[in-house]
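The values are calculated or read from the model by the stated rules, or taken from the named source; none is laboratory data. All figures in this text were calculated on a predicted structure; none of them were measured in a lab. Positions of Cβ are backbone-derived with ideal geometry, glycine not excepted, and every protein chain shown enters the neighbour counts. Just the protein is used for accessible areas: all its heavy atoms, side chains included, with ligands, DNA and RNA removed. Shrake-Rupley method; radii C 1.70, N 1.55, O 1.52, S 1.80 Å.
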Amino acid sequence: MNDNDYMRLALQLAEKGRGLTSPNPMVGAVIEKDGEIIGQGWHEQYGKAHAERNALASCTKSPAGATMYVTLEPCCHYGRQPPCTDAIIEAGIKRVVVGSGDPNPKVSGKGIQILRSHGITVTEHMLQKDCEQLNEVFFHYIQTKRPFVVMKYAMTMDGKIASVSGASKWITGEAARNHVQIQRRRYMGIMAGVGTILADDPLLTCRINDGRNPIRIICDTHLRTPAGAQVVQTAGQIPTILATCCTNREKQRIYENAGCRILLVNKKKGHVDLFQLMEQLAREPIDSILLEGGGTLNWEALNSGIVQKVQAYVAPKLFGGQNAKTPVEGAGVSLPGDAFLLKNSVITPLDDDFLIESEVVNHVHRNH
């Protein structure tokens, strides 16, 4: 095995923490000595030991003189855990191979500098692109102080998210729907508009065995969510936030008594100011959001510049219907040149359906 192989293994280990480490990054570490893997670990859960310390704790022989492969620059500050640089130095590791640097200002090159100052050889940028992709949420959150937002929808091949009657269950098959549940586990929050609540009364939970329910965020400008809605009735068990512009305390208390949190946001063009909402949610801290809105909220989210990625689940079906709903509605752009551009698209088959994932190019905030 070479450096690439060991780092690939570290990446695979890091993936085991997906959906469990937020708002911390996913990190994997492998320790090699004399051509043998003597230790490995990953950041298993937020607040628990980091990957480097887990790898050192698992060593089958002394790590003195060994090489450590780690997907992210080792931390050098005290947070919920002590600095990993201290553990690496104390263990006598002679070489550290790093995938990507840590954009956190508390680290950002300082971890590597400390290791080198103690005579440890540091090799940087090993599979850097893969390591950065692994932590796209963390990088965005640290650098912008806003959540990473993924706009998700299921549609037919003629671009419909519901039939002309409004029926939408089910557009995609079981494999695609199961994949959505994995995304709900992956991201820290899930957001929908009051229109979706009124039309579908969704639960917005993660329905897999080892699932972690995301924090539910409902954009409800005038507090129209029914008190009997599933998201309200289960708010005592699952964190639920109603983002609203309504200052009526009597109305607010109905939801608060059910266990919901009210988050007051400024109004913009008659709706909740989504950009301001992202800034408020980041302080919760919520580092990522799966946006499962309808066409109106999707348009507002794109136009507000808060969307970083689009996940389109496409079914090989045609609904037709001039008035059947589409994934992005609103005013729309006037000219083709004004389109929201997507890049780095990846297509994944899911039985008969397929998923198209793309990054949003122009997610600059247009209206502030």
Set 243, 258, 199, 227: member being in contact (Cβ under 8 Å) with a residue 40 or more places away in the chain and among the small types (Gly, Ala, Ser): 199
Taking segment 174-186 on its own, how many of its residues are open to solvent by less than 30 Å² (accessible area, probe 1.4 Å) and not hydrophobic (A, V, I, L, M, F, W, C)? 3
Selection over segment 24-50 where residues are over 14 Å from residue 74 (Cβ atoms), open to solvent by 10 Å² or more (accessible area, probe 1.4 Å) and of a type in the set (A, V, I, L, M) yields a count of 2
Anything in segment 245-260 that is in a loop (DSSP other than H, G, I, E, B) and either under 10 Å from residue 222 (Cα atoms) or acidic (Asp, Glu) (or both)? List them, or say none. 245, 246, 247, 248
Of (1) in contact with a Cys (Cβ under 6 Å, 6 or more places away or on another chain); (2) under 28 Å from residue 215 (Cβ atoms), residue 39 satisfies all except one. Which? (2)
If I filter segment 63-95 down to residues being under 28 Å from the mean Cα position of the chain (by Cα) and not in a loop (DSSP other than H, G, I, E, B), which single residue comes out as farthest from residue 143 (Cα to Cα)? 68
Given the conditions (1) in contact (Cβ under 8 Å) with a residue 24 or more places away in the chain; (2) in a loop (DSSP other than H, G, I, E, B); (3) open to solvent by 30 Å² or more (accessible area, probe 1.4 Å); (4) over 21 Å from residue 289 (Cβ atoms), which single one is not true for residue 211? (4)
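Quick grid of which residues meet (1) within 25 Å of residue 219 (Cβ to Cβ); (2) in contact with a Phe, Trp or Tyr (Cβ under 9 Å, 6 or more places away or on another chain):
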| position | (1), (2) |
| --- | --- |
| 121 | no, no |
| 132 | no, yes |
| 169 | yes, no |
| 173 | no, no |
| 178 | no, no |
| 184 | yes, no |
| 189 | yes, no |
Here's a check for you: in segment 96-118, which residue that is of a type in the set (Gly, Ala, Ser) and either part of a helix (DSSP H, G or I) or open to solvent by 30 Å² or more (accessible area, probe 1.4 Å) (or both) is nearest to residue 64 (Cα to Cα)? 117
Among 198, 242, 203, 263, which is the only one that is part of a strand (DSSP E or B) and open to solvent by 10 Å² or more (accessible area, probe 1.4 Å)? 263
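Give segment 137-167 a look and list any residue that's more than 30 Å from residue 104 (Cβ to Cβ), touching a residue at least 60 places away in the same chain (Cβ under 8 Å) and not aliphatic (A, V, I, L, M), or say none.
Of all residues in segment 137-167, those more than 30 Å from residue 104 (Cβ to Cβ) come to 153-167.
Filter once more, keeping what is touching a residue at least 60 places away in the same chain (Cβ under 8 Å): 153-164, 166.
153, 156, 158, 159, 160, 163, 166, listed by residue number.
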All positions within segment 51-65 that are buried (at least 23 other Cβ atoms within 10 Å of the Cβ) and free of Cβ contacts under 8 Å to residues at least 24 places away in the same chain: none
Has segment 283-298 got at least one residue that is open to solvent by less than 50 Å² (accessible area, probe 1.4 Å) and over 25 Å from the mean Cα position of the chain (by Cα)? no
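Please work out if residue 314 is part of a loop (DSSP other than H, G, I, E, B), of a type in the set (Val, Ile, Thr) and over 28 Å from residue 232 (Cα atoms).
On the way: part of a loop (DSSP other than H, G, I, E, B): no; of a type in the set (Val, Ile, Thr): yes; over 28 Å from residue 232 (Cα atoms): yes.
Answer is no for this residue.
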Scan segment 119-138 and give yes if some residue there is open to solvent by 30 Å² or more (accessible area, probe 1.4 Å), over 21 Å from residue 288 (Cβ atoms), in a helix (DSSP H, G or I) and not aromatic (Phe, Trp, Tyr), otherwise no. yes
